[in-house]
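The values are calculated or read from the model by the stated rules, or taken from the named source; none is laboratory data. The structure displayed is predicted, hence computed values, not measured ones. No Cβ is skipped: glycine too gets one built from the backbone with ideal geometry, and neighbour counts run over all protein chains shown. Please note that ligands, DNA and RNA were not included when accessible areas were found on the heavy atoms of the full protein model with its side chains. Shrake-Rupley method; radii C 1.70, N 1.55, O 1.52, S 1.80 Å.
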Amino acid sequence: MVKFTDIINTFIRGISRSKVSLMGAVLTTVTFPILLVASVLDLMGIVQNPYFGFIIYMVLGPLFMVSLVLVFIGLFFFKGKEEVGIFTYEYLKEQFTAPNRFAKVRKLIFLATALTLLNLFILGLISYTGYHYTESVGFCGQLCHKVMAPEYTAYKNSPHSRVRCVECHIGQGAQWFVKSKISGVRQIFAVAFNTYSKPIQTPIHGLRPARETCEECHRPELFQGDKLYIRDKFLPDEKNTHLQTVLLLKVGSGGYQGTNAHGIHWHVAPENKITYTHTDTAREKISEVRLSKPDGTEVVFTKATESTDGSEGKVRSMDCIDCHNRPTHIYLSPDEALDQKLVQGDIPVSLPYIKKNALELITRTYASQEEAKNTIATEIRARYRRDYPRLVNNNMPLLGKAISGIQAAYTENVFPEMKIEWNTYRNFLGHKNDSGCFRCHDEGHETTSGETISMDCDTCHVILAEDEASPEVLKTLRGK
Ligand code: HEC
Ligand code: HEC
Ligand code: HEC
Ligand code: HEC
Ligand code: HEC
């Protein structure tokens, strides 16, 4: 009879005689406790640092697995002067055929099973937590800090700041999961070798069709109604005059409990299918729009459109991101950014000409966010101490507040390191610069019988007030 301890001894002797196994064993012993403690800390959410996750799942985890494999490679395959092959085929055959040896084999199998189970458990734990790590906002948004800083910053300030990146960028299902991991590996190389483009080019090709991701949470064929849209603006005058624009946006729906599809979300009703041909990569130049109606007829609107960047005409089915291309990475224009800070009180409206001064400072070109912040601080301080010494000296915090508000308006939207300036990324929701809705709704696309896609201002909204100081309509609505 062979004792169990003998087997362990053989095992250990085998390891100690094989260089490969020995190296593997040392590495395993060192990484195992660290890995175990670290992944438990991560699972319990005690350490919340994206680099921590990176070290556990991208460095220690694979190292542990490789070293385990090394131990076994050493035991099985290496033979020669120093290397052993204790589990070789000949060895196992001998054990199985000699009847009195069978007990040893059983123990061996027992040992192997126990070790494998333990390893599987650890590997399972690492894969599980590792999988969650690669799906986390920290991994997507913070790890490659410089590269993702613009998207992450804009995301943090958006309505989707609690929706994980992967919900929109990957969605459910194995096929997209695999695609995303392959693309992820490519991106890691692009970052490592600094070959990624600055700014990151959009539209993103290979983004999962929006209908499969957005509709996990939003169902425009099930929501309806008009929406009051209020836009606050401040003039660059001494008083920073506050104006408001009020629209009733015909958000509509793709049909709702008996109502037909209508308004803006009419485009995404199940029965309407719109495809369009664009002659540039940005999808701004549209040469043809095809509408398939429920009764099977097709309406084709065309417009002579030259390709501006040499791309060939590409056909695309219209979906959510043809309007909502910036649902979460929302970069504002200089005016919008400042107006937002002014209306929130982050920049005090009581400072004379603050909008004008701020606008002039944030639209300059800077080499970095640091430089911009420094210039904004020194310039604002200098100007107001010179022009309004009494006001400023009586209320020092006012100036500090204005400075940090203006700095935020800049740093939330402009990222010189990634070559993202004001208006680098277009927002299609609306019709700024005749883009967005007006790519199609320009009355320039015609059917053979001369019909066009409406540009009538009342198609999409009712303008209740435009750039008015305390508009009547808001007073009425608020019962004043
Ligand atoms: C609500 C859905 C949504 C979420 C959440 C989201 N994204 Fe996006 N993302 C988009 C859409 C839509 C685009 C634009 C696609 C296009 O124009 O082709 C985009 C574009 C991007 C781009 C290309 C550059 C740009 O600014 O357009 C990057 C990089 C990016 N996202 C990274 C991230 C990261 C990192 C996170 C998490 C911190 C994230 N995204 C979260 C929907 C989302
Ligand atoms: C995992 C769920 C989820 C996914 C996926 C998702 N959203 Fe959202 N969306 C939300 C939540 C949560 C809000 C915020 C609701 C609130 O604050 O009232 C929101 C808000 C919005 C709003 C309103 C924003 C505003 O200004 O009030 C729009 C528009 C929107 N989402 C569009 C999209 C689009 C387009 C996509 C696909 C690219 C998408 N969402 C994907 C959960 C999601
Ligand atoms: C033709 C352009 C267009 C398309 C296509 C479109 N939307 Fe919208 N959507 C809008 C506009 C415009 C608004 C109102 C804008 C605002 O709230 O500032 C809006 C509002 C919304 C809102 C907020 C509703 C509310 O009551 O506040 C959600 C959520 C939304 N859309 C989701 C989607 C989803 C999901 C899809 C794709 C299935 C989609 N939209 C397709 C233009 C569009
Ligand atoms: C890719 C082209 C395209 C884009 C971009 C587009 N539309 Fe449309 N839209 C159409 C077509 C085509 C029709 C149908 C015109 C017709 O039947 O005469 C339409 C019709 C409409 C209608 C009338 C729906 C009804 O009840 O019959 C509204 C409202 C509308 N669009 C709003 C918008 C808004 C808002 C945007 C931008 C956020 C937008 N559209 C962007 C192609 C587009
Ligand atoms: C195809 C639909 C469509 C048509 C046609 C249209 N608009 Fe708009 N318009 C929008 C949408 C959508 C928004 C809201 C954008 C947003 O959510 O930021 C908007 C916003 C606006 C705003 C507010 C912009 C701001 O300051 O934030 C004004 C003003 C405006 N439209 C004027 C007009 C006028 C004038 C016309 C007629 C020449 C017109 N629009 C035609 C869809 C349309």
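Table for the structure above
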item: Any hit, region 364-371, residues being among the acidic types (Asp, Glu), closer than 20 Å to Phe415 by Cβ, modelled with pLDDT of 95 or more and more than 15 Å from ligand 5 (Cβ to nearest atom); result: yes
item: First in region 256-269 and more than 7 Å from ligand 4 (Cβ to nearest atom), second anywhere and in a helix (DSSP H, G or I), Cβ under 7 Å, 6 or more apart; result: Val268/Cys320
item: Matching residues in region 163-187 - criterion: being free of Cβ contacts under 8 Å to residues at least 60 places away in the same chain, open to solvent by less than 90 Å² (accessible area, probe 1.4 Å) and of a type in the set (A, V, I, L, M); result: Val166, Ile170, Ala174, Val178, Val185
item: Region 455-467 residues that are in the same structural domain as Cys437 (by TED's automatic domain parsing) and farther than 14 Å from Arg231 by Cβ, paired with ones that are modelled with pLDDT of 95 or more and in a strand (DSSP E or B) (beta carbon under 8 Å, 6 or more apart); result: Cys457/Ile463; Cys460/Leu249; Val462/Leu247; Val462/Leu248
item: Residue list for region 205-233, filter: β-branched (Val, Ile, Thr) and free of Cβ contacts under 8 Å to residues at least 12 places away in the same chain; result: none
item: Unmet requirement for Val137, which otherwise passes all of (1) touching a residue at least 60 places away in the same chain (Cβ under 8 Å); (2) surrounded by 14 or more Cβ atoms within 10 Å (Cβ to Cβ); (3) not charged (D, E, K, R); result: (1)
item: Flag if His278 is touching a strand residue (DSSP E or B) at 6+ places or on another chain (Cβ under 6 Å), within 26 Å of Arg316 (Cα to Cα) and within 12 Å of ligand 2 (Cβ to nearest atom); result: no
item: Matching option when the condition is under 28 Å from the mean Cα position of the chain (by Cα), in the same structural domain as Phe234 (by TED's automatic domain parsing) and surrounded by fewer than 17 Cβ atoms within 10 Å (Cβ to Cβ), among Ser292, Ser311; result: Ser311
item: Out of Val392, Val473, sole residue that is assigned by TED's automatic domain parsing to the domain that holds Val289, assigned to a helix (DSSP H, G or I), more than 16 Å from ligand 2 (Cβ to nearest atom) and aliphatic (A, V, I, L, M); result: Val473
item: Residue, nearest to ligand 4 (Cβ to nearest atom), within region 203-224, restricted to residues that are in a loop (DSSP other than H, G, I, E, B) and modelled with pLDDT of 90 or more; result: His218
item: Subset of region 155-180 (residues that are more than 7 Å from ligand 1 (Cβ to nearest atom) and part of a helix (DSSP H, G or I)); result: Lys156, Val166, Ala174, Gln175, Trp176, Phe177, Val178, Lys179, Ser180
item: Subset of region 431-444 [part of a loop (DSSP other than H, G, I, E, B) and crowded, with 16+ Cβ neighbours inside 10 Å]; result: Cys440, His441, Asp442, Gly444
item: Among (1) within 16 Å of ligand 2 (Cβ to nearest atom); (2) buried (at least 19 other Cβ atoms within 10 Å of the Cβ); (3) over 30 Å from Thr411 (Cα atoms), the one test that Ser317 misses; result: (2)
item: Exclusive hit being among the polar types (S, T, N, Q) and buried (at least 17 other Cβ atoms within 10 Å of the Cβ), set Thr411, Thr447; result: Thr411
item: Ser197 being away from ligand 3 (no atom under 13 Å from the Cβ), exposed (fewer than 13 other Cβ atoms within 10 Å of the Cβ), touching a residue at least 24 places away in the same chain (Cβ under 8 Å) and not assigned by TED's automatic domain parsing to the domain that holds Lys250; result: no
item: Yes/no for Lys146 being open to solvent by 40 Å² or more (accessible area, probe 1.4 Å), at pLDDT below 80 and assigned to a helix (DSSP H, G or I); result: no
item: Which listed residue, of Ser307, Ser350, Ser311, Ser317, is closer than 19 Å to Gly436 by Cα, more than 16 Å from ligand 4 (Cβ to nearest atom) and not charged (D, E, K, R); result: Ser307
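One line per residue, one yes/no per condition, for (1) closer than 20 Å to Arg426 by Cα; (2) away from ligand 5 (no atom under 16 Å from the Cβ); (3) not aromatic (Phe, Trp, Tyr):
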{"position": "Thr153", "(1), (2), (3)": "yes, yes, yes"}
{"position": "Ile182", "(1), (2), (3)": "no, yes, yes"}
{"position": "Phe193", "(1), (2), (3)": "no, yes, no"}
{"position": "Tyr196", "(1), (2), (3)": "no, yes, no"}
{"position": "His205", "(1), (2), (3)": "yes, yes, yes"}
{"position": "Lys227", "(1), (2), (3)": "no, no, yes"}
